[in-house]
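Data first, discussion second: the structure below is written as structure tokens.
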Amino acid sequence: MTDGPQAVVIEAPLVKPKVGRENWVMRAGLAVIGVYLLVAVVFPLYTILSKSFQDSRGLFVGLDNYAEYFATPALFYSINNSLTVSVISMVITVGLAFGYAYGLTRSCIPGKGVFKAIALIPILAPSLLPAISLRYLFGAQGMIKGLLMGETIYGPIGIVIGEVFWTFPHALLIIFTALSLSDARLYEAAEALGASKLRTFFTVTLPGAKYGLISACFVVFTLVITDFGVPKVIGGGYNVLAVDIYKQVVGQRNFQMGAVVGLVLLAPALLAFVADRMIQGKQVALLSARAVPYEPKPDRRFDLAMLAFCGTVAFVIIGILAVAQFAALVKFWPYNLSLVLDSYQFDLMDGGSWGAFWNSLKMAAWTAVIGTAVIFTGAYLVEKSKGFEHGRGLIQLMCMIPLAVPGIVLGLAYIFFFNAVGNPLGFIYHTLIILVLCTITHFYTVSHLTAATALKQMDAEFEAVSSSLKVPFYKTFVRVTVPVCIPAILDISIYLFVNAMTTVSAVIFLYSADTQLASVAVLNMDDAGDTAPAAAMGMMIVYTSATVRLLHFLLTRGIARRTQAWRKR
Amino acid sequence: METDTSAAAGEARPPYLKVENVTKKFGDFTAIKDICLEVFESEFVCFLGPSGCGKTTLLRAIAGLDIQTHGRIEQAGRDISNLPPTERDFGIVFQSYALFPNLTVFKNVAYGLENRKTAKADIAARVDELLQLVGMPDQGPKYPAQLSGGQQQRVALARALATSPGLLLLDEPLSALDAKVRVRLRHEIKELQRKLGVTTIMVTHDQEEALTMADRIVVMNEGVIDQVGTPLEIYRRPASPFVADFIGAMNFLSAVAGGDGTVRIDGVGLSAIECVCVQDEGTAVTLCLRPEDIVTRGVESGAPNAFEATVADLEFLGSFYRASLTAKGVENTRFQADFSVNLVRDLGIEAGKTLTVAFPADRIRVFADS
């Protein structure tokens, strides 16, 4: 190239694209989502950060609060406690989930569908529920208390058992997927090369599931360290970070120290989140399009062993739930074992009411409807809009933050932000709106990723085609994008609904007398000594979640049937 | 067929589409540089080039999907340089078809019409007409997933034409199809374009597609236009070694200019090959000649540009043979010649045989080595 034409190019004026009406709509949409995320995520987190550097009168005191925290053994011992129970629970849960998933994918045991369904039940329960069951099993008058050989259930043992129950499905789903994606040709190659079963396990199976296992470890660790329900009910005098925040805020009204503990809790959660992201970035698709799925061959001894293992795990899961249901129906454990419905008269209990249950339903429904609409539309704008690169990148980053923030920290941040003097949004404090907002935010990231994945699978040129036909993008969004993405949209809404029903940590600081929630009622009734009604309410949550899940299943199947003409490939 | 009528006639009338000094940068990367191009009404123009040459970038700039960084684009006398796609006048077909999967064939084709508040009966009539036009009557109630790839692309074409756009843009429309369907659809699209007279730009990396369909071909390489011309011009008189190499088979032989319109290859035997060579004496040049242009039947030794060559290898390619030849005494100068099956049989050509071959002067292209 000579210099001539290049010089002309440099002098040529930049073309400034005209911003059409559609672009304004798109930009306005992005701006709305951006502002929403600022208000719901960034500002509250900033407020909690700044609170941790202030004294009770709001004056800046630098690191004084942190110095006080680390000078108080009762407080900073919790770090060690939290890490201990988290790591132990992580090892046990991932080990059990791997064995269970291995049985489901690599053996010929009967009833795999039933086993998988049973393993997923704990997702439908608030984390308080297994802890309540553990009281009935191993408490002072526990049914099988002898198994503990004199040890108390109130403390690390109870926390670990409860957490393993509650986090098991999360680990199972990840590991099951990892093990399902295996290439039968690798096993055939190993067999042809004369590798023993054990060697094949260590050279083919484990490396293939490596990333799934690592990811499951991070997920379980984060869930346990941020969980508040299990240690609150069964932790006894064994302090952990999540409960410390609650005690500081609700017990001692020491908001500054609550903020400090919150940030201390944020650190490991954030670390686990970043590490998981980095490892997932390294993961490459091990399964090529030509891979042949692995089909296990019957092996009587191995199959029986796997059946015994999976059967035991499934029995324990059902057992823990059955104990909770039993406890809810028994007249007066352990002295009068006749079955009555007394425990369901929530309105007579301290800290509970049927109103709380209806509030929960209302809150979950609103969270599902509004959350799905906001999150899906937001993901669409981020994925499909043109230009505005920096803005979109920033929004995407904000969408990822909630996954790293423990619910109880988010809830505390919401107090600080929305209860602050002069916040024009203060009117939503103590209303159902703030509960819905907080819950949507708490579960934003996973929903966003589900939506983004579905949107990425759509043809990239739909928007180009519709603009060539002079059809504005929002019409194509309604007529094409949403109908095609209905399965993902339903998945997001059910995810939001079930989590809104079961969550305690994010809403524990935010409910008011008029907006009591079922999960909070479980906690409060248990606190007040009404353990049986607490179990009853906990089971009500399980049944509700299960019913909604079943409806979702039927609806999805119906839609799949009705649309199979155009969905089949 | 020697001269292209539409292009020749086009010179007199104003161009329908005018691209002036268009440059598109993605960050630091310049995808197309200073492109100038004119497309005339009812013309079928192909952008041809290897992947990454900028042909799709240019198409998307014309559509307004990725607006150029610098430069001006004019369509039907209107400056459309900075307009969003909705304010331009074009229909587009993509390699992926981009049919809406949840809408029937009918609804897909009617998609752009429904937005214009056309009466329902008129829409139905227009859709039927279009489906008839692309050879798919009665397929309206089906969903895209129930159609073959070729049928889907026809629907995409009907959808793009539904609103009677002034410009039809085709972005590698045939690349996703089977070889046989591709050849048939190639013909059909060309027929349709001729019948409707819609100005059409197609992007392709397939030279055969470009040669058979286009009125004019725009050969692009590394973000610039190498040559614009009719298929015959591009094939016969490539403007650069790149074009010569990219389209069809070509022999490249190192030579030295004689300064008098001749070149020498390696000094021996092949001195003074007559051709059009405007380079100064002694300049290193490359001589280009297509294998099918090399003649041997009826060539006497001593005829212009004739010399002896030995058949090193003979490859059977079905309808013809491709022979690898070396000039006698210049073993390292190897070139290929295509001989018909008849010729090989009549002259008894086989490996090891020595023939008298000639390079026809009017078929030789010479490029100075840069």
Enter the mean number of other protein chain beta carbons within 10 Å of the beta carbon of each residue in B:83-92, as an integer. 6
Distance in nm between label sites at A:LEU14 and B:ASP245, each 7 Å beyond Cα in the beta-carbon direction? 3.7
Once the dipole of the range A:21-567 is set up from charges on Cβ (+1 Lys and Arg, -1 Asp and Glu), the residue from the list A:LEU96, A:ILE144, A:TRP358 lying farthest towards its positive end is A:LEU96
How big is the B/A interface in buried accessible area, both sides summed, 1.4 Å probe, to the nearest 100 Å²? 3400
For the range A:340-389 (alpha-carbon point model, no solvent) the Debye-based log₁₀ I(q)/I(0) at q = 0.16, 0.25, 0.27 Å⁻¹ works out to -0.62, -0.89, -0.94
List residues of the range A:448-487, by number, whose backbone nitrogen lies under 16 Å from a label position 7 Å along Cα→C-beta of B:LYS117. A:471-472
Sticking with the crude label model, points 7 Å out along Cα→Cβ, report the distance from A:VAL482 to B:LEU347 in nm, one decimal please. 7.3
For the range A:305-322, in residue order, the Karplus 3J(HN,Hα) values (coefficients 6.51, -1.76, 1.60; θ = phi - 60°; whole Hz; Gly and Pro = x) are 4, 5, 4, 4, 5, 4, x, 4, 4, 4, 4, 5, 4, 5, x, 4, 5, 4
With a 1.4 Å probe and every protein chain left in place, tell me how much accessible area B:PHE252 has, in Å² to the nearest 10. 80
In the protein assembly as shown, taking the dipole from +1 charges on Lys and Arg beta carbons and -1 charges on Asp and Glu beta carbons about the Cα centre, the listed residue (B:LEU174, B:THR200, A:THR445) farthest towards the positive end is A:THR445
Rounded to 0.05, the calculated FRET efficiency for the beta carbons of A:PHE427 and A:THR453 at R₀ = 56 Å is 0.95
Could you state the per residue volume, in Å³, of the convex hull enclosing the Cα atoms of chain A? 227
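Please report the antiparallel percentage of DSSP beta bridges with both residues in the protein assembly as shown, rounded to the nearest 5.
On the way: 59 of 77 bridges.
For the protein assembly as shown, the DSSP antiparallel bridge percentage is about 75.
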May I ask you to derive the FRET efficiency for A:LYS297 and B:ALA368 from their Cβ-Cβ distance with R0 = 51 Å, giving the value to the nearest 0.05? 0.15
Based on the alpha-carbon gyration tensor of the range A:133-223 and its eigenvalue square roots a ≥ b ≥ c, which shape applies: rounded if a/c is under 1.5, prolate if not and a/b is larger than b/c, or oblate? prolate
Ordering A:PHE427, A:PHE218 from largest to smallest accessible area (1.4 angstrom probe), what's the sequence? A:PHE427, A:PHE218
Distance check, please: which entries in A:LYS331/A:LYS362; B:LYS120/B:LYS142; B:LYS18/B:LYS190; A:LYS470/B:LYS120 exceed 25 angstrom between their Cα atoms? A:LYS331/A:LYS362
B:GLN227 long-range amide H proximity, modeled H, under 5 Å: B:VAL219
Taking A:LYS197 as the anchor, which lysines have their alpha carbon closer than 30 Å to its alpha carbon, excluding any fewer than eight residues away along the same chain? A:LYS112, A:LYS116, A:LYS210, A:LYS282, A:LYS297
Residues in the range B:135-156 that, when all protein chains are in place, have 30 Å² or more less accessible area than the chain alone would give (probe 1.4 Å): B:TYR143, B:ALA145, B:GLN146
Rounded to the nearest 0.05, what FRET efficiency is calculated for A:PHE202 and A:PHE76 with R0 set to 51 Å and r the Cβ-Cβ distance? 0.80
Along the range A:123-132, Karplus-curve 3J(HN,Hα) (6.51, -1.76, 1.60; θ = phi - 60°) to the nearest Hz, with x for Gly and Pro, reads 4, 7, 10, x, 5, 5, 5, x, 5, 5
List the residues of the range A:402-426 whose backbone N lies under 18 Å from a point placed 7 Å from the Cα of A:ARG277 along the Cα-to-Cβ direction. A:402-407, A:410
Considering only C-alpha atoms, what is the centroid distance from the range A:181-230 to the range A:291-367, in Å? 29
The range A:111-221, accessible surface, carbon-and-sulfur percent (1.4 angstrom probe): 70
Just counting partner chain Cβ atoms within 10 Å, what average do the residues of peptide A:453-464 show around their Cβ? 3
Based only on Cα atoms, what mean projected area does the convex hull of chain B have, in nm²? 22.4
Once the whole set of protein chains is in place, how much accessible area is left on B:ARG60, using a 1.4 Å probe, in Å² to the nearest 10? 40
Taking A:175-181, A:498-504, B:328-334 and ranking on average Cβ neighbours within 10 Å, highest first, one gets A:498-504, A:175-181, B:328-334
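Determine the order of A:TYR77, A:TYR414, A:TYR246 by accessible area, beginning with the largest, at a probe radius of 1.4 Å.
Listed by decreasing accessible area, they come as A:TYR77, A:TYR246, A:TYR414.
Using a 1.4 angstrom probe, figure out how much accessible area the protein assembly as shown has per residue, in square angstrom, rounded to the nearest whole.
Working: 42040 Å² over 939 residues.
Normalised by residue count, the accessible surface of the protein assembly as shown is 45 Å².
May I ask you to rank B:THR283, B:THR199 by accessible area, largest first, using a 1.4 Å probe over the protein chains only?
On the way: B:THR283 40, B:THR199 5 Å².
The residues order as B:THR283, B:THR199, largest area first.
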Per residue of the range A:458-473, what does 6.51 cos²θ - 1.76 cosθ + 1.60 with θ = phi - 60° give for ³J(HN,Hα)? Whole Hz please, x for Gly and Pro, Karplus curve as stated. 7, 4, 5, 9, 4, 5, 5, 4, 5, 5, 5, 8, 6, 9, x, 4
Between the chain alone and the structure with every protein chain in place, find the residues of the range A:539-569 that drop at least 40 Å² of accessible area; heavy atoms, 1.4 Å probe. A:ALA565, A:TRP566, A:LYS568
Whether the range A:75-188 is rounded, prolate or oblate, judged on the alpha carbon gyration tensor where a/c under 1.5 counts as rounded: prolate
For B:GLU222, what accessible area in Å² do you get when you roll a 1.4 Å probe over the heavy atoms of the protein chains, rounding to the nearest 10? 140
Within 10 Å of each Cβ in A:470-478, the average number of Cβ atoms from other chains: 3
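The values are calculated or read from the model by the stated rules, or taken from the named source; none is laboratory data. If you're wondering where the values come from, they're calculated on a predicted model, not measured in any experiment. For neighbour counting, all protein chains shown are included, and Cβ atoms are generated from backbone atoms with ideal geometry for every residue, glycine included. Areas reflect the complete protein model, heavy atoms only, side chains present, ligands, DNA and RNA absent. Shrake-Rupley method; radii C 1.70, N 1.55, O 1.52, S 1.80 Å.
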